[in-house]
Amino acid sequence: MTQLVLTAKNLLDRFYGCEYRAHFLVKGVFDYQIDNANKSLFIEIIGCPGVGKSTLIDYMEEKELIKGLICTKLWATRLQRNNKIASAYTSILDYKIMSLEDERVRSRYLRHAIIPRAMDKYIENNKNPTVLLIDEGLFHHFKYEISDNWEQNKFIFSKLMEKRILVHMIARPEIIAERILKRYRETGNLLPYYKNKQECEIIEYCRKAQEKRKKVIRKFKTRGVPVLTINAEDSSQENTKYIDDFVKKNGQ
């Protein structure tokens, strides 16, 4: 694989006002994906906010198993034409926006689609197989729109998902709430839907969020999308190995 050049993530944030993480896999546990990959692949880390996605990704970065943020070529890729990708994302956004009345919320989801769409174009247009590890990608933002309208758009949605492996992180709601509050005490950061809630309320929110996510994930599994469920209470080392073994079995 050619040398990857890091982009100025802050520049993208200033333009779009959104957070996004994407990592190229490099030598290490995932070396087979670089040397032997015969197709491009997204590995999407998904789960309830606070479950430990960032902790797992930080571990992989610390062990130099993954590298990067977003390739500088992504900026140019965003402007390239790709009718298949454009059609898929247009359908997804149409379904999402029709359910929203607040113009600010609509604008936020339009921004959420910019980077995933550019990455799909990058993967589609890149001649060399590329493996990306993604936190909060297409599935995170638009899973319900894709699932609810799968039959009407079966061809384009299945093509969009066939390059994806979902890694679903779960934990006991009590553990997630404990981590959320610990991070809040240390950093002062708290997501809007956790604000002004007691610990018992956060626990109940996480329980319901996990159950809702499990239901839609089961639908994707029945449609042939590979899904690995890992317990965020296990060590990052163990979970990294689980991901490695699963991708070896299902991603090539």
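The values are calculated or read from the model by the stated rules, or taken from the named source; none is laboratory data. The shown structure was predicted, so the numbers you read here are calculated from the model rather than taken from an experiment. Cβ placement follows ideal geometry from the backbone for every residue including glycine, while neighbour counts extend to all protein chains displayed. Areas reflect the complete protein model, heavy atoms only, side chains present, ligands, DNA and RNA absent. Shrake-Rupley method; radii C 1.70, N 1.55, O 1.52, S 1.80 Å.
The one condition from (1) of a type outside the set (Phe, Trp, Tyr); (2) at pLDDT 95 or above; (3) part of a loop (DSSP other than H, G, I, E, B); (4) more than 16 Å from Thr55 (Cα to Cα) that Ile203 does not meet is (3). Being under 19 Å from the mean Cα position of the chain (by Cα), surrounded by fewer than 15 Cβ atoms within 10 Å (Cβ to Cβ) and not in a loop (DSSP other than H, G, I, E, B) is a property that holds for Leu110.
With respect to Arg179, determine if the residue is touching a residue at least 24 places away in the same chain (Cβ under 8 Å), of a type outside the set (A, V, I, L, M), open to solvent by 100 Å² or more (accessible area, probe 1.4 Å) and more than 29 Å from Asn83 (Cβ to Cβ).
Numbers: touching a residue at least 24 places away in the same chain (Cβ under 8 Å): yes; of a type outside the set (A, V, I, L, M): yes; open to solvent by 100 Å² or more (accessible area, probe 1.4 Å): no; more than 29 Å from Asn83 (Cβ to Cβ): yes.
When the stated conditions are applied, Arg179 does not pass them.
Applying the set (1) in a helix (DSSP H, G or I); (2) under 15 Å from Gln210 (Cα atoms) to Ile146 leaves exactly one unmet item: (2).
Could you go through the range 227-235 and let me know if any residue there is assigned to a helix (DSSP H, G or I) and open to solvent by 70 Å² or more (accessible area, probe 1.4 Å). Among the residues of the range 227-235, not one is assigned to a helix (DSSP H, G or I) and open to solvent by 70 Å² or more (accessible area, probe 1.4 Å), which makes the answer no. Applying a threshold of 7 Å to beta carbon distances and a minimum spacing of six or more residues, or different chains, the list of pairs starting in the range 208-219 at a residue that is among the charged types (D, E, K, R) and ending at one that is open to solvent by less than 80 Å² (accessible area, probe 1.4 Å) reads Arg213/Cys48; Lys219/Ser147.
None of Arg172, Arg183 is at pLDDT 95 or above and among the charged types (D, E, K, R) except Arg172. Taken together, the residues in the range 143-164 that are surrounded by 20 or more Cβ atoms within 10 Å (Cβ to Cβ), within 23 Å of Ile230 (Cβ to Cβ) and touching a Leu at 6+ places or on another chain (Cβ under 8 Å) amount to 2. Going by the conditions given, is Tyr193 part of a helix (DSSP H, G or I) and either basic (Lys, Arg) or over 20 Å from the mean Cα position of the chain (by Cα) (or both)? Taking the combined requirement at face value, the residue does not satisfy it. If you go through the range 78-97 and pick out every residue that is open to solvent by 90 Å² or more (accessible area, probe 1.4 Å) and modelled with pLDDT of 85 or more, you end up with 0. If the condition is being in a loop (DSSP other than H, G, I, E, B), at pLDDT below 55 and within 19 Å of Asp245 (Cβ to Cβ), then the range 15-62 contributes Lys27, Gly28, Val29.
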